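Have a look at the structure below before the remarks.
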Amino acid sequence: MAIEEERLPFFGPSGPPLYLYVHVPFCRSKCPYCAFYSVVPGTGAVEAYLDGLEAEISLRLREGAPFPSLSSVYFGGGTPSLLSPSQWERLFSLLEVFCLRPGAEVTVEANPESLTASHLCLWRERGVTRVSLGVQSLDDEELRILGRSHDSRRARDALGALAASGLSFSADLIFNIPGQTLRRWHRTVREILAFGMDHLSLYELTLEERSAWGRRPPEGMASGYPFYRWSQWYLASRGFFQYEVASFAFNRRWSRHNLAYWNRAPVLGLGPGAWGFLAERRYGNENSLAGYLRKTEEGRLPLAVVEEPDQERDWREAAILALRTAWGISRSLFARRYGPVPLETLLTVIDGLPERFFRKTEDRIALSRRGMAVANAIWERIL
Amino acid sequence: METRRIRNFSIIAHVDHGKSTLADRLLEVTHTVEDRKMRQQLLDHLELERERGITIKLVPVRMNYRGRDGVDYILNLIDTPGHVDFTYEVSRSLAASEGAVLVVDAAQGVEAQTVANAYLAVDQGLEIIPVINKIDLPSAQPEVAKRELEEVIGIDASEAILASAKEGRGIDEILEAIVAIVPPPAGTEAEPLQALIFDSVYDNYRGVICYIRVVNGSMRTGQTVTFMATGLSYQVEEIGVFRPQMVPIEELGAGEVGYLIANIKTLTEAHVGDTVTETRHPAAGPLPGYRKVKPVVFCGFYPIEREDYTQLREALEKLQLNDSAIFFEPETSTALGFGFRCGFLGLLHMDVAKERLQREFDVDLVATAPNVVYHVLLTDGEVEEIHSPAELPEITRIEEIREPIIRITVFVPSDFVGKSMQLCQDRRGTFVSMDYITPERVRLVYDLPLAEFIIDFHDRLKSATRGYASLDYEQRGFQAADLVKVDVLINEEPVDAFSFICHRDAAFYRGQAVVRKLKELIPRQLFEVPIQAAVGKRVIVRQNVKPLRKDVLAKCYGGDITRKRKLLEKQKEGKKRMKQIGRVSVPQEAFLAFLDVDSDGD
């Protein structure tokens, strides 16, 4: 997609709530299943990255600041916890141009091998409310297969530290790892719940085309379905509410930031490889650190891709995203935002599918638990 | 050229006995083709022919040859196809010749098609030159082959030429024998023009090209000619000979073989077997023609994309221009939409047509399982000819169903007689005869329903006899049988494209095999899909495709949304190549499922 315009319109202070995403593109090593952009940082790379970020923010500011206040901030990666506490200090100071709304959610992604007590201390001081830990598994054999740079002991230490920190925290787990059995999966889930997190994200191991495994798939992969169905049942019995196909929250502690994506709310994305969504246009930044830095140094926004609005594509995408969540699609809101004809078309498709995959009320249509388990096939029909 | 210096001949052989290699060698020795232009099997000019190593279309070639008597001769070689499906093409070649070189493999001896083709030649009154080929092989037994020629076919093999087309041995002797034994053409130039059209092809640039054999009189460029069957007249634009590419010449005299281009728009105007005469001095009557061949095997061709229907029709029309034995008519299937019911001379013919459509005309199509033609005697005494199971009238209106019967002749080493007979019995065969042609080899003759033959009979026979059996068949008319139509239902809906007709005793077994195969091929859907086979209202087999349980749940944050959407789009694109039947997506392979249900065994 060609970029015709480097500037993206911004909202005034009174605009709708804005969500901020900051991508930290560094990892200690590259996992064979991951297709997100990250590199192992060389000397001075993190400083150069922070310089770039500073430039990107001031470019954004010149477009007509002040920014609206933020409903959430999310530091994702990569491995944000790979930045040292002093680097974090600088990152926080760069973001001081933004205001947070009262009660805003601020999440940092962390990995067990790089998370330290000083990180947690600093984060809490600077207003971080939530940590999402990339545990993936508590089985050493599985962690080895996944190529993670931590072992289960390190993961338990990090979980213990989080529980003690008083922060809200979440863990990512992966199922259908080669050789994994339902029994082993059950052990990981049961044990991790004992640490008292209020959020879990479960992902099936996906062979992404751009990852190492996508090019050379591992052997011994079963169907992920039984793992998923079991988790749906088990987590519900432990008081977790499945509010999205891959996300489970205890005590209504769902991730408001992630909900913003699924509701197509405005997101300002910063950093190499970050994606944002402003004025109904999704954009992606330059993926490579070098390309990102070149553009920011030249005083240009580091955009690589901008998707122009396309009514047909947009309403289908909106329906698919909304169906990811437990709240589903509101017929009235959908019609107001995308028009009555798309709604009609959408309902015709949905009516042609088996009833048991949906939960329907007066205004809303959402996927049932069974529906979530075959969500891809349903979305494909909507596309 | 005087007719006494012309020789028109064909080469006939069982498939793989070296006919095309021999033809290549003849062209080489007579310098018809320069050595550097020589490719293997020069005459097999369809891409497919070379790939499969078989000859389908016949090709005539003109060679110049100076005999040992010092006289210059013109030798016209009319190549013939080797597969039983194309026997009719052989008879057309033979009608344009006065002699035939009968090639027998020195190691394999006389095979089923050797006999069939030799008898065709004898029927036409041709002189036969027996050639024992491949004498270079260590396993060659020329004496045995000669004895078989005499005992099985009953021709004098004492003068048979021993040759190796591969090594170029015996080629001169063959050329000399052609000059000495094949009589020159009988016609004279004094008579009014009579030329036989023995084949015609359609060329995108030149229009219809007729392959002709001038019997009497002569043909010149600019002459006005009449096609006697249609009564239409044309001005001759170009005539010429094949060397083997087309070379225009001024005149084709009596006995000569060549081509004719005359601004003929469609092949229907140029009937194969028609006689061309001069408009101003017409001949008294036409030459004896050919019997028209009727297709016996039918199947449906459907475009994968509905909008490609017109493209498929145009492609079929063009294919028919090149192969008038193909029959097609529009057909509508509730499952597959608009398509065509096509008729062929046999399974290979069908396969070749399908591949040519895909390769040369770039049409993506679904082919339904083949069936034979049936004659249905109705209660009111009428006889209806049906080309597809869907056309079968209601049971209450049917008095009886008649199916085509063929007589197959199998040549098989005596060790495999038992297995071969068992196979024929299993396929509802009726024993006709068995005789030992040598102590080691047996000729088996059975009458077999064609429907049983078209389901991989040939492959089964080959595997039951480790490839040693050879076969030939001829049609023997129609015979009543206890046949039923089996319907296949997917998700409770009958899918006409899957219906088939078979013997009542085989209905359960065949139904089960088809249902099992479909269960394997139909991917899991969002709901359970029952697959059933039924005779009338009675369901005889049922299996379920379990609902979808395997799916991928991936992260979907930020930028992933775009990527995720693209993945879904790709996934959806993949499914487009499936046919949608009601709410069920069915892959194309499913439509061919029962071509090989039998070979699954169990």
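The values are calculated or read from the model by the stated rules, or taken from the named source; none is laboratory data. Small disclaimer: the values here were computed from a predicted structure and weren't measured. We place every Cβ from the backbone using ideal geometry, glycine too, and count neighbours over all the protein chains shown. SASA here: full protein model, heavy atoms, side chains in, ligands and nucleic acids out. Shrake-Rupley method; radii C 1.70, N 1.55, O 1.52, S 1.80 Å.
Condition check ((1) modelled with pLDDT of 90 or more; (2) touching a strand residue (DSSP E or B) at 6+ places or on another chain (Cβ under 8 Å); (3) open to solvent by less than 40 Å² (accessible area, probe 1.4 Å); (4) not β-branched (Val, Ile, Thr)) across all residues:
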{"site": "B:Thr268", "(1), (2), (3), (4)": "no, no, no, no"}
{"site": "B:Val276", "(1), (2), (3), (4)": "yes, yes, yes, no"}
{"site": "B:Thr279", "(1), (2), (3), (4)": "yes, yes, no, no"}
{"site": "B:Leu287", "(1), (2), (3), (4)": "no, yes, yes, yes"}
{"site": "B:Pro295", "(1), (2), (3), (4)": "no, yes, yes, yes"}
{"site": "B:Glu305", "(1), (2), (3), (4)": "no, no, no, yes"}
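Step by step: first the residues of region B:137-154, then only those that are touching a residue at least 40 places away in the same chain (Cβ under 8 Å) and among the hydrophobic types (A, V, I, L, M, F, W, C), then the one that is surrounded by the fewest Cβ atoms within 10 Å (Cβ to Cβ). Which residue is that? Lay out the reasoning, then the answer.
Residues of region B:137-154 that are touching a residue at least 40 places away in the same chain (Cβ under 8 Å), as a first pass: B:144-145, B:147-149, B:151-153.
Narrowing the set further to residues that are among the hydrophobic types (A, V, I, L, M, F, W, C) leaves B:144-145, B:149, B:152-153.
Numbers: B:Val144: 18, B:Ala145: 26, B:Leu149: 25, B:Val152: 20, B:Ile153: 20.
Within region B:137-154, the match that is surrounded by the fewest Cβ atoms within 10 Å (Cβ to Cβ) is B:Val144.
Go over the candidates A:Gly52, A:Gly44 one by one and state the one that is open to solvent by 20 Å² or more (accessible area, probe 1.4 Å) and either within 29 Å of A:Leu259 (Cβ to Cβ) or not aromatic (Phe, Trp, Tyr) (or both). Steps first, please.
On the way: A:Gly52 fails: open to solvent by 20 Å² or more (accessible area, probe 1.4 Å).
Among A:Gly52, A:Gly44, only A:Gly44 is open to solvent by 20 Å² or more (accessible area, probe 1.4 Å) and either within 29 Å of A:Leu259 (Cβ to Cβ) or not aromatic (Phe, Trp, Tyr) (or both).
In the list A:Ala335, A:Ala326, which residue meets the criterion of being open to solvent by 20 Å² or more (accessible area, probe 1.4 Å) and within 24 Å of A:Arg381 (Cα to Cα)? Explain how you work it out, then say what you get.
Values: A:Ala326 fails: open to solvent by 20 Å² or more (accessible area, probe 1.4 Å).
A:Ala335 is the lone residue from the list that is open to solvent by 20 Å² or more (accessible area, probe 1.4 Å) and within 24 Å of A:Arg381 (Cα to Cα).
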Inset, instruction - Answer yes or no: is there a residue in region B:308-323 that is small (Gly, Ala, Ser), open to solvent by 10 Å² or more (accessible area, probe 1.4 Å) and more than 30 Å from B:Glu399 (Cα to Cα). - result: no
Inset, instruction - Name, by its number, the condition in (1) surrounded by 15 or more Cβ atoms within 10 Å (Cβ to Cβ); (2) charged (D, E, K, R); (3) closer than 21 Å to B:Leu345 by Cβ that does not hold for B:Arg441. - result: (3)
Legend entry - Flag for A:Tyr228 being assigned to a helix (DSSP H, G or I), open to solvent by less than 30 Å² (accessible area, probe 1.4 Å), modelled with pLDDT under 90 and within 9 Å of chain B (Cβ to nearest Cβ): yes
Inset, instruction - Take region B:214-257 and flag every residue that is at positive phi and buried (at least 20 other Cβ atoms within 10 Å of the Cβ). - result: B:Gly217, B:Gly255
Inset, instruction - Identify the single condition in (1) surrounded by fewer than 21 Cβ atoms within 10 Å (Cβ to Cβ); (2) at pLDDT 85 or above that B:Glu474 does not satisfy, given that it satisfies every other one. - result: (2)
Legend entry - Total residues in region A:153-166, condition surrounded by fewer than 20 Cβ atoms within 10 Å (Cβ to Cβ) and over 14 Å from A:Ser114 (Cβ atoms): 7
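Counting just the residues of region A:283-304 that are outside any loop (DSSP other than H, G, I, E, B) and either among the hydrophobic types (A, V, I, L, M, F, W, C) or modelled with pLDDT under 90 (or both), which one comes out nearest to A:Ala171 (Cα to Cα)?
Our first condition is that a residue be outside any loop (DSSP other than H, G, I, E, B); within region A:283-304, this holds for A:283-285, A:289-297, A:303-304.
With either among the hydrophobic types (A, V, I, L, M, F, W, C) or modelled with pLDDT under 90 (or both) added as a condition, the list becomes A:289-290, A:293, A:303-304.
Details: A:Leu289: 28, A:Ala290: 31, A:Leu293: 32, A:Leu303: 31, A:Ala304: 31 Å.
It comes out as A:Leu289.
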Inset, instruction - Answer yes if at least one residue in region A:356-364 is surrounded by 14 or more Cβ atoms within 10 Å (Cβ to Cβ), within 14 Å of another protein chain (Cβ to nearest Cβ) and not hydroxyl-bearing (Ser, Thr, Tyr), and no otherwise. - result: yes
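Among A:Glu312, A:Glu317, which is part of a helix (DSSP H, G or I), acidic (Asp, Glu) and surrounded by 20 or more Cβ atoms within 10 Å (Cβ to Cβ)?
Numbers: A:Glu312 fails: surrounded by 20 or more Cβ atoms within 10 Å (Cβ to Cβ).
Answer to the check: A:Glu317.
Tell me, which strands (runs of 3 or more DSSP E) lie completely within region B:516-602 with 1 or more residues that are modelled with pLDDT under 75 and within 14 Å of chain A (Cβ to nearest Cβ)? It would help to see each step written out before you state the result.
On the way: elements: B:529-535, B:538-545, B:579-581, B:584-586.
Answer list for region B:516-602: B:579-581.
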Inset, instruction - Can you tell me which residue within region A:267-281, out of those that are assigned to a loop (DSSP other than H, G, I, E, B) and open to solvent by 20 Å² or more (accessible area, probe 1.4 Å), is farthest from the other protein chains (Cβ to nearest Cβ)? - result: A:Ala279
Inset, instruction - Could you grab me the full set of residues in region A:366-377 that are facing chain B (nearest Cβ under 7 Å) and more than 20 Å from the chain's Cα centre (by Cα)? - result: A:Val374, A:Ala377
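Looking only at region B:477-500, count every residue that is in a strand (DSSP E or B), in contact with a helix residue (DSSP H, G or I) (Cβ under 6 Å, 6 or more places away or on another chain) and open to solvent by 20 Å² or more (accessible area, probe 1.4 Å) and tell me the total.
From region B:477-500, those in a strand (DSSP E or B) are B:477-481, B:483-490, B:493-494, B:500; that's our starting set.
When the remaining residues are screened for being in contact with a helix residue (DSSP H, G or I) (Cβ under 6 Å, 6 or more places away or on another chain), the result is B:484-486, B:488, B:500.
Narrowing the set further to residues that are open to solvent by 20 Å² or more (accessible area, probe 1.4 Å) leaves B:485, B:500.
The qualifying residues number 2.
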Inset, instruction - From (1) open to solvent by less than 50 Å² (accessible area, probe 1.4 Å); (2) assigned to a loop (DSSP other than H, G, I, E, B), pick out the condition that doesn't hold for B:Glu176. - result: (2)
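Given region B:350-460, what strands (runs of 3 or more DSSP E) lie entirely inside it while holding 1 or more residues that are at pLDDT 90 or above? Full working, then the answer.
Working: elements: B:365-367, B:374-378, B:383-386, B:398-413, B:430-436, B:441-449.
Qualifying strands (runs of 3 or more DSSP E): B:374-378, B:383-386, B:398-413, B:430-436, B:441-449.
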Inset, instruction - Answer yes or no as to whether A:Ala304 is more than 20 Å from A:Tyr225 (Cα to Cα) and either more than 14 Å from every other protein chain (Cβ to nearest Cβ) or aliphatic (A, V, I, L, M) (or both). - result: yes
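Evaluate region B:433-441: report whether one residue or more is acidic (Asp, Glu), free of Cβ contacts under 8 Å to residues at least 40 places away in the same chain and under 23 Å from B:Cys502 (Cα atoms). Before you say what the answer is, go through the steps one by one.
Kept after step one, since they are acidic (Asp, Glu), are these residues of region B:433-441: B:435, B:440.
After this cut, where a residue has to be free of Cβ contacts under 8 Å to residues at least 40 places away in the same chain as well, the list is B:435, B:440.
Subsequent filtering for residues that are under 23 Å from B:Cys502 (Cα atoms) retains none.
Looking for residues that are acidic (Asp, Glu), free of Cβ contacts under 8 Å to residues at least 40 places away in the same chain and under 23 Å from B:Cys502 (Cα atoms), one finds none in region B:433-441, hence no.
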Inset, instruction - Answer with yes or no whether B:Ala195 is outside any helix (DSSP H, G or I), in contact with a helix residue (DSSP H, G or I) (Cβ under 8 Å, 6 or more places away or on another chain) and open to solvent by less than 10 Å² (accessible area, probe 1.4 Å). - result: no
Inset, instruction - Go through (1) touching an Asp or Glu at 6+ places or on another chain (Cβ under 8 Å); (2) farther than 30 Å from A:Arg60 by Cα one by one and return the number of the condition A:Arg282 breaks. - result: (2)
